[in-house]
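Heads up: the structure comes next, in structure tokens.
Coordinate-derived values only; no laboratory data. What you see is a predicted model; the values in this text were computed from it and never measured. Cβ: placed from backbone, ideal geometry, glycine included. Neighbour counts: every protein chain shown.
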């Protein structure tokens, strides 16, 4: 297998996801001459190449080259983001987005991982209910009692990827319970 760590990570991720052999998975990321195709970078970054290009003027491969050229692999997150704001004139949100995408592409962090090494999880759901009803279900103790057991809930950083998965599953279950409660008119 190639010595390029980026290609290895992409290939191994695809193998786990699809069950393909190493050779088959690798063929999706390596063109003639051993050049990594941009689609792999977008997968790792968690945002399409088209979206980042439209808003920043550069594709993921171009951002990787720019940040590699300034020694991004060895710089802390804040320093990269500040450099992007100052030298590339990106706004705060896009500076963070490009920095996180770069760190994911270079294997410096995983999806859901914070720059300090801890993890965070998010879960969202759209409800087909009036906003006032959804707000009441969230904002009052009585409203939450019908779908959420608040006894063990704390806002905290998560220690690992397995805990992220467990928390996401928990919140998916609780939000589905809320959706059922709203649907049933409670």
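As an equivalent ellipsoid, the range 131-183 spans semi-axes of 23, 13, 9 angstrom, where each value is the square root of five times an eigenvalue of the C-alpha gyration tensor, largest first. A Cα-only calculation for the chain places Rg and Dmax at 20.7, 63 Å. When the Gaussian network model of the chain links Cα atoms closer than 10 Å, the mean-square fluctuations of 44, 148, 67 top out at 148. Using the Cα coordinates of the range 34-123, the gyration tensor eigenvalues translate into equivalent-ellipsoid semi-axes of 18, 16, 14 Å, sorted from longest to shortest.
Label separation (residue 65 vs residue 126): 3.8 nm, computed from points 7 Å beyond Cα along the C-beta direction.
Here the scattering of the range 44-89 is modelled by Debye summation over its C-alpha atoms, one equal scatterer each and no solvent; at q = 0.18 Å⁻¹ the log10 of I(q)/I(0) is -0.55.
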